[in-house]
1. Largest first and in whole Å, what are the equivalent-ellipsoid semi-axes of region 49-154 based on the Cα gyration tensor, each being the root of 5 times an eigenvalue?
2. Compute the Rg to Rh ratio over region 230-458 from the alpha carbon atoms, using the Kirkwood formula for Rh, and round to two decimal places.
3. Checking the a/c ratio against 1.5 first, then a/b against b/c, what shape does the Cα gyration tensor give for region 155-223?
4. I want to verify the translational diffusion coefficient of region 1-83 in µm²/s; compute it with Stokes-Einstein, Rh as the Kirkwood radius over Cα pairs, at 25 °C and 0.890 mPa s.
5. Report Rg(Cα)/(2.2 N^0.38 Å) for region 232-342, keeping two decimals.
6. Take the Cα atoms of region 2-218, find their three principal axes, and give me the spread along each one in whole Å, biggest first.
7. What nm value, rounded to one decimal, do you get for the distance between residue 9 and residue 141 when each label is placed 7 Å out toward the C-beta?
8. Just to confirm the number: angle between the C-alpha axis of helix 316-325 and the first principal axis of the chain, 0 to 90 degrees, nearest 10?
């Protein structure tokens, strides 16, 4: 899948996007009044800087349709992809193609009020020489390009049968919007996505964590629905599409034996977590934390969210029992499992339709992970061998993240010891796609405030 980020204005932004990683970067030229419009010298300088970095590859994004002006821009910048973002006619596209025979020509199809404006002209555009189409939304006031206006999925799917060229999607693209475009992503012509506002933080700057999250959520297969309740629910998909990707845990006792439920019924806690937007729940059935199989049964009966079960599991038979009980994911603790056993349990869990939630504390444990692309890999910020009675080391999550990602997992998770919204936000900003929080939530006196604070930190400006 191609990931294009639009509107870069400086070399620092190019370096940030190169590390995200991003495949294409849109450089604006010939967009009068556009906030990211560049002069011709600046266009050439940034295009050269992108090539020197080894990527992302520059794309000229323009409202120009004059062949001579576009040829001048391409000659000055060396750019090999041109995106015609305005309402160029098929005849104008044909003239541009004649002037620039070797560039990849991308033509925007504008979606407004539930319809593709250029739908009757798709065949003519293809004959004129368009290589790739890009669907983008038009604001109610007629503005085009980087409006943050969500793309109408039904308008896009209505015309896909007319296309013989590949296509990309733009318009309010972020991680959460992937689910709405499942049909388009499954289409054989789907080439990728184009992002602007969704890749920017509250101050308008590009953020790597947002870009990585968008890529993970939009990869073909990631945008599939979470599925039916219980065993059919996907923990990974739930986290990838969640606005606040926090697995909220039910644990009866803390590490030092303190009562975390404090008389609150399990059903009440489940309902509260669902109200707060939990994408998934975790249940600790280990007796050392006051858990039991009965607790799992009670939670599964009370929710349709994917449920992760945490205990020390060492045999395939245990996994089969959990699957039958309605679990969606199972904890496999690399710290306590022999290196020869962990791969077998991962494969057994996958064979049963369970997501392996593999918990690690160092690089050596990561080396035993197999099928990482199908696992959720979690870094435990505490020491399970001490029954998590030690002080949390959140720096462990930060140090291990590159090696966690090297396993191929799409869903790295930081688990245990997360107490404050700022700690949660910092871990997500660093690149984690999920958090597992139990004690910190169960002890909180005001969960509404806790999640409001986290949400304000994470929601990008529109």
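1. On the way: eigenvalues 117, 63, 27 Å².
Result for region 49-154: semi-axes of 24, 18, 12 Å.
2. Details: Rg = 15.9 Å, Rh = 17.2 Å.
Reported Rg/Rh (Cα atoms, Kirkwood Rh): 0.92.
3. On the way: a/c = 2.52, a/b = 2.01, b/c = 1.25.
Prolate.
4. Values: Rh = 12.4 Å.
So the translational diffusion coefficient is about 198 µm²/s.
5. Working: Rg = 14.0 Å, N = 111, 2.2 N^0.38 = 13.2 Å.
Compared with the compact-globule rule of thumb, region 232-342 sits at 1.06.
6. Each principal axis gives a Cα extent; for region 2-218 these are 40, 40, 33 Å.
7. Those two pseudo-labels are separated by 1.9 nm.
8. 80
Each value in this text was obtained by applying a stated rule to the coordinates, not by laboratory testing. Here the structure is a predicted model, which means the values were calculated and not measured. Neighbour counts are summed over all protein chains in view; Cβ atoms, including those assigned to glycine, are modelled from backbone coordinates with ideal geometry.
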